[in-house]
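The structure under discussion appears below in the form of structure tokens.
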Amino acid sequence: YEQWPRRENKKDKFPNYLDHLMPEDDPLATRTLFVGNLELNITDDEMKRIFGRYGELVDIDIKRPPPNTGNAFSFIRFANLDQSALAKRELSGQYIGKFQCKIGYGKVHATTKVWVGGLGDWCSTEMLEREFDRFGAMGKIEYEKGDTEAKIQYESIDAATAAVNEMRGFPLGGSEKRIKMDFADVPNMEPTKGYQGSDFDPNIARGRGGRGLHRGGGERGRG
């Protein structure tokens, strides 16, 4: 794909959520999604059924505010950025139950291991080592010839962070083969707790302030 199509619909109340940068161009892109404006009684199983079709779900954390204070929201961590970006593109602005969901990326959780996506037969372990060792001392490179992704262990979070920030969109395999970057899970990792993105408004996340809509089109009351 070269460019994801933008959905245009005058009924959409969240048009900015339907603009999607490609992951290799998006500094906010990560494997964790924030999903806002959910029904209070939504279950883990329902979220697994809806989001699990786009990839491997590592963690689902549904937050339910006190009664009459707004709708539920959730953090969903996928196995990698390719999967989360696909789910974000496909489900943003769609109805989950009665409400139109709002999806953004969760906060980037820096670790000492990085994920590199967008690879192909043209890549090699030697190429990865040559391009990524400039950021600091490296450990194991997890890559088999022909894989579309790799994981690289660094000795420090600073080195891994520099690699993620500086190599995002890098034409590793030539101008048409730009890579995607994210952090990878490590043992005993803390769960993601926050949301990032300039479009975030807690009232929208919780469906308050008249911004959350019933499927029938009427404004949702504040309770």
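Tabulated results
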quantity: Of every Cα-Cα pair in the stretch 45-99, the percent that sits beyond 18 Å; calculated: 34
quantity: Dipole of the stretch 20-168 [Lys/Arg +1, Asp/Glu -1 at C-beta], most positive-end residue of L86, G97, V164; calculated: G97
quantity: Cα pair count fraction exceeding 20 Å, expressed as % - the stretch 58-128; calculated: 47
quantity: For the stretch 70-188: Kirkwood Rh in Å [reciprocal of mean 1/r, alpha carbons]; calculated: 15.6
quantity: Pairs beyond 30 Å (Cα-Cα), from K48/K180; K102/K140; K48/K140; K48/K177; K63/K140; K98/K180; calculated: K102/K140; K48/K140; K48/K177; K63/K140; K98/K180
quantity: For peptides 158-167, 140-149, 126-135, sequence by mean Cβ density within 10 Å, most packed first; calculated: 158-167, 126-135, 140-149
quantity: For the stretch 116-179, convex hull of alpha carbons as volume per residue, Å³; calculated: 68
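Rule-based calculations on the coordinates, nothing more; no lab input. Please read all numbers here as calculations on a predicted model, not as lab measurements. Every residue, glycine among them, receives a Cβ derived from its backbone with ideal geometry; neighbour counts consider all protein chains shown.
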